[in-house]
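Read through the structure below, which is laid out as structure tokens, and then see the notes.
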Amino acid sequence: MSDALTPAPRLHLNVNILHSGFIPSAWRLPDADPQAFIDVQHYVRVAQIAEAAKLDAVFLADNASIVEQIDFRPITALEPTVLLACVAAATSRIGLIATASTSYNEPYNIARRFATLDHVSGGRAGWNVVTTADPGSARNFGLEGTPDHGQRYARAGEFTEVVKALWDSWEDDAVIGDKQAGRFIDPGKVQPIAHRGPHFKVQGPLNLPRTPQGYPVLVQAGGSGDGRDLAARHAEAVFSASQSLDESQAYRQDLHARAAAYGRGPQAIKVLPGLATIIGATEAEALRRRDQLIDMIPWSYSLNRLAGTLGIAPDRLRLDDRLPEDIALPAGGNGNHTFFKATLALAKRHGHSVRELIRALSGGGGHRVIVGTPEQVADDIERWFRAGAADGFNLMPDALPDGLQAFTEGVVPILQQRGLFRREYEGTTLREHLGLARPAGRHSAQARAIAA
């Protein structure tokens, strides 16, 4: 059957550019550059590889403090939107998703920053909406402690509403540019938002027009009840952490049910679990690569990282014992729910000792890891996709850029042959890549007709 007769594929693939790679020791590989974490050309190269393979987007995480053990591993250092503006100039189609916290920013600045990225990229921007729970970030912004979980998400909900209102403060046809009549902008189509709420007072309007996508794609990552509710209200794609197919199916079903309660349809949110990949020409080769990378990670680093994920002291972990039975949510529920739950679920499902758990996580922080040949990786992706456990994946190759090249050269062609993934981009914007409609402005004739 020709491609012209093949239904448009629905599988979505992003790549999470975690500096040198997902596995903490990736920077130690012979061909790796220890300076890659602050080298814009490294990120450009990864994005160009992803674009050549027709992936949906690149994604950048962010932190407002140093949360890694910097004596061993590179950190998330460069500010994502500035970095992605550079990536935008070196690419033409790949989506550009950046993380920005609602805890330590203001809505007007974030609305302007992401609208700018959408304009300069021709409609490829996405905002990953996060709250921030680590104490170091709180101290960097003059706070003695981290606001509690409920407060952070209440602020995040209002923050996101204000940003969307600012993005919609210009109608699509507000810019006239009529040289003959001397009319540049129709002021009647640029409206203040006059927001007054518990957390913010923002007059508006934004100081730049509506963007090519209407507004950037809204992305969210959160496994708590508050996080899921925020996603159900606003998110168009969700980055999740699930260790098993049934766990991911349940998460996706719950998210769709919550979205339906807000009047949103079943296709309103794309669920994209994190997937770390370690690929070899044979399974034995992939396992050797995994062992090589893990053996270069000090056990002290891995123990500290696992303890941080679980919110316990490292001295409570014994390499050849199972996890303690009495582990509760970190910081009385004020920590990271997502990776805590994913890590605990993996340990309990397989009865892992701490040593086995660290190897199963490949030194990572809670995302699922698959080790194998391109065919095995493709089989796994297809199984999850067809079972309704995922709309696609947020890929985290073991090392960058070669781990991504192994995926794009080995796995992507198999997915294309099976009719699961695109051979060419069908649009130019991130919304088009994800199959998302361009939102009508809230002041548009279409919105007024719906309201009537």
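Observations
- Any helices (runs of 4 or more DSSP H) falling wholly within the stretch 318-408 and containing at least 3 residues that are closer than 22 Å to Asp246 by Cβ and of a type outside the set (D, E, K, R): 337-350, 374-386
- The strands (runs of 3 or more DSSP E) found entirely in the stretch 150-228 that carry 2 or more residues being at pLDDT 95 or above, touching a helix residue (DSSP H, G or I) at 6+ places or on another chain (Cβ under 6 Å) and within 23 Å of Gly123 (Cα to Cα) are 217-220.
- Search result, residues across the stretch 109-126 that are in contact with a Leu (Cβ under 9 Å, 6 or more places away or on another chain) and outside any helix (DSSP H, G or I): Gly123, Arg124, Ala125, Gly126
- Residues of the stretch 168-216 satisfying the condition of being under 29 Å from the mean Cα position of the chain (by Cα) and on the phi > 0 side of the Ramachandran plot: Gly204, Gly214
- Long-range neighbours under 8 Å by Cβ, at least six apart or interchain, first residue closer than 25 Å to Ala440 by Cβ within the stretch 177-205, second in a loop (DSSP other than H, G, I, E, B) and of a type in the set (Val, Ile, Thr): Val202/Ile193; Gln203/Ile193; Gly204/Ile193; Pro205/Ile193
- Residues of the stretch 287-324 that turn out to be over 29 Å from the mean Cα position of the chain (by Cα) and of a type in the set (A, V, I, L, M), as a count: 2
- Single residue of the stretch 36-60 satisfying the filter (assigned to a loop (DSSP other than H, G, I, E, B) and touching a residue at least 60 places away in the same chain (Cβ under 8 Å)) that is surrounded by the most Cβ atoms within 10 Å (Cβ to Cβ): Asp56
To keep it simple, each residue is scored yes or no on (1) farther than 23 Å from Pro24 by Cβ; (2) modelled with pLDDT of 95 or more; (3) under 23 Å from the mean Cα position of the chain (by Cα).
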residue	(1), (2), (3)
Val369	no, no, yes
Gly392	yes, yes, yes
Met396	no, yes, yes
Leu400	no, yes, yes
Val412	yes, yes, yes
Arg442	yes, no, no
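The values are calculated or read from the model by the stated rules, or taken from the named source; none is laboratory data. Here the structure is a predicted model, which is why all the values come from computation and not from measurement. Reconstructed Cβ throughout: ideal geometry from the backbone, glycine too, with neighbour counts over all protein chains shown.
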